[in-house]
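Encoded as structure tokens, the structure appears first; notes follow it.
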Amino acid sequence: MSISPEQLLDNSMLHPEVLAGEDAYGIYRNGHRLDHAEGASKPLRSRPEPQPRGAKVHGNRPVNQAEAAGRFIAAPEHEKMHDERLWDLRQKRDREMHHIPEWEELRALASAIKEHTLTHLDEYLDQFETRARANGIHVHWARDAAEHNRIVHGILSDHGAKSLIKSKSMLTEECGFRAYMASVGIEVVETDLGERIQQLDKEDPSHVVVPAVHKLRTDVANVFANTIGTDPDNSDVHYLAEAQREATRPLILAADAGMTGGNFVVAETGTFVVCTNEGNADLSANVPKLHIASIGIEKIIPRLEHLAVLVRLLSRSALGSPMTQYTSHFRGPRAGGEMHVVLVDNGRSERLGLEEFWTSLKCIRCGACMNTCPVYRRSGGLSYGATYSGPIGLIIDPTFNARKYSNLPFASSLNGSCTNVCPVKINIHEQIYAWRRELVKRHDVPLVKKAAMKAAGELLSRPIAYRAAIASADVALAHLPRFVIYNGLNAWGKHREVPHPPKQTFHSWYKANRGGKQ
């Protein structure tokens, strides 16, 4: 269904600059506007407002995503910017997809590659270790986050390293790596711009690809003013990026060690591949002589020829660009240097044994499911209170701690858009629904919600009682005073009006007009 310009103008959710038509800031070549990545994005300028913070995490208690989402939605400039930016990425992903006739075949092939690998994971991990050691790489195995951190600390201690630069890695976030390094007196400096912004603001990443996407440029100006001394009233992106580069580059050049993640690990060659758009992984890997790569065991693929399939899907699904600016292959240590790879399990083997959830290990961390999710786009990634947010987070996080993340699988409309855009065909919305069933079985659902669902189930299973209840509710809604209907017990009515009760139910209309015939 197409939307007319008049309908768009009536939509208060859209940012005014998106509605403004062609602008002078677009990047054009040969008379055509660039149709991917930065060239297709409109610069959005919002009014400054205080930045809403993420979920309040209290140990093992269930994270209240709805409460944090409510605070994010109450900041209209942040909500609107966040929604527009991510929908922009989703639209660019669609344009790139339509440029590739074999897109669906690529998705099916990528899914098959990952499923084959995961069902032969032990064989390919052994093969990688053998080849990597032959290439001169030191290979380590970490069963959990704590062991990963101890291994890396041990490597750094052996080399007397006191400072480490690292490129963006969700695995290290999962392991609490920065906090651990701070506790042992080793300075960690993020080299990815978005991740560095989050580090300076003492926040976790809110998105797996664009970690600071929830911030307005005025938020970044405030962070930089407080940490590196920039002008708090200057939110020009070029000024801010240059100031950050000048502040961080000396730390990079003086670092004792560098760390990267790994997007893909190739078993047959004993190599790994890192994809970035800033080249920051190459700085982290090549400036210091000591390079450590922390990689989840699910990132392995059998052969180099499989890499092409996945690389074609990765950036198109993530940012709507044909390829990441840097796709770097690492085969062994640089001359005079040393390279270590830490292969991390941290619950992945256990997840592999979960019949309904093991295919979540196919995820290549593109974030496409986040960009399309209406709940994520409007609530912000930090509202989930977990390393992985959005639809993929709803099925990964409970595998780490079912009680703590018991509310997350309910933060979804189950519309299925996440599944439709997933480049490796993970049935995300079906797994979210499966987690809801699982949490009820485990009694990890709040008693009030459980009691309400049980009562609804009892009512819906008895047609006569259901019709009587509907009729009574309609009469009550028409006559009860507002304070009885709109109170703390009616969560649905906090942000919207309850529909006006109809004069006649569909059942009574059908009975009157069709004589009750089927």
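Quick notes
- The number of residues in segment 215-232 that are assigned to a loop (DSSP other than H, G, I, E, B) and closer than 21 Å to Asp204 by Cβ comes to 3.
- The residues of segment 80-105 that are buried (at least 19 other Cβ atoms within 10 Å of the Cβ) and touching a Pro at 6+ places or on another chain (Cβ under 9 Å), listed by number, are Asp83, Glu96.
Let's see how each residue does on (1) open to solvent by less than 10 Å² (accessible area, probe 1.4 Å); (2) in contact with a helix residue (DSSP H, G or I) (Cβ under 8 Å, 6 or more places away or on another chain); (3) assigned to a loop (DSSP other than H, G, I, E, B); (4) touching a residue at least 40 places away in the same chain (Cβ under 8 Å):
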{"residue": "Met339", "(1), (2), (3), (4)": "yes, no, no, yes"}
{"residue": "Glu350", "(1), (2), (3), (4)": "no, yes, no, yes"}
{"residue": "Leu382", "(1), (2), (3), (4)": "no, yes, no, yes"}
{"residue": "Tyr388", "(1), (2), (3), (4)": "yes, yes, yes, yes"}
{"residue": "Thr399", "(1), (2), (3), (4)": "no, yes, no, yes"}
{"residue": "Ser406", "(1), (2), (3), (4)": "yes, yes, yes, yes"}
{"residue": "Asn415", "(1), (2), (3), (4)": "no, yes, yes, yes"}
{"residue": "Lys425", "(1), (2), (3), (4)": "no, yes, yes, yes"}
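- Among the residues making up segment 465-510, those that are among the β-branched types (Val, Ile, Thr) and more than 37 Å from the chain's Cα centre (by Cα) are Ile470, Val475, Val484, Thr505.
- Hits in segment 56-79 (condition: in a loop (DSSP other than H, G, I, E, B), among the small types (Gly, Ala, Ser) and open to solvent by less than 20 Å² (accessible area, probe 1.4 Å)): Ala75
- Segment 468-518 - residue that is more than 29 Å from Val448 (Cα to Cα) and modelled with pLDDT under 80 and, of those, most open to solvent (accessible area, probe 1.4 Å): Gln518
- You will find that of Arg462, Arg437, the residue that is more than 33 Å from the chain's Cα centre (by Cα), open to solvent by 90 Å² or more (accessible area, probe 1.4 Å) and not aliphatic (A, V, I, L, M) is Arg462 and no other.
- Asp233 free of Cβ contacts under 8 Å to residues at least 24 places away in the same chain and either under 18 Å from Ala281 (Cα atoms) or of a type outside the set (Gly, Ala, Ser) (or both): yes
- Scanning segment 108-124 for residues that are crowded, with 18+ Cβ neighbours inside 10 Å and more than 26 Å from the chain's Cα centre (by Cα) returns a single hit, Tyr124.
- Output for segment 173-200, where each listed residue is surrounded by fewer than 19 Cβ atoms within 10 Å (Cβ to Cβ) and hydroxyl-bearing (Ser, Thr, Tyr): Ser183
- In segment 316-337, the qualifying residues are those that are assigned to a loop (DSSP other than H, G, I, E, B) and among the hydrophobic types (A, V, I, L, M, F, W, C), and the one that is surrounded by the most Cβ atoms within 10 Å (Cβ to Cβ) is Leu319.
- Segment 352-366 - residue that is part of a loop (DSSP other than H, G, I, E, B) and touching a Leu at 6+ places or on another chain (Cβ under 7 Å) and, of those, nearest to Asn135 (Cα to Cα): Ile364
- Qualifying residue in segment 5-26 (condition: modelled with pLDDT of 60 or more, outside any helix (DSSP H, G or I) and not β-branched (Val, Ile, Thr)): no
- Considering residues of segment 209-221 that are in contact (Cβ under 8 Å) with a residue 60 or more places away in the chain and of a type outside the set (A, V, I, L, M, F, W, C) only, the residue most open to solvent (accessible area, probe 1.4 Å): Arg217
- For segment 125-153, the set of residues classified as open to solvent by 30 Å² or more (accessible area, probe 1.4 Å), under 28 Å from the mean Cα position of the chain (by Cα) and without any contact (Cβ under 8 Å) to a residue 40 or more places away in the chain consists of Ala146, Glu147, Arg150, His153, listed by residue number.
The values are calculated or read from the model by the stated rules, or taken from the named source; none is laboratory data. Keep in mind that this is a model prediction, so the values were computed, not measured. Don't worry about glycine lacking a Cβ; one is built from the backbone with ideal geometry, like all the others, and counts go over all protein chains shown. Heavy atoms of the whole protein, side chains included, go into the accessibility calculation; ligands, DNA and RNA do not. Shrake-Rupley method; radii C 1.70, N 1.55, O 1.52, S 1.80 Å.
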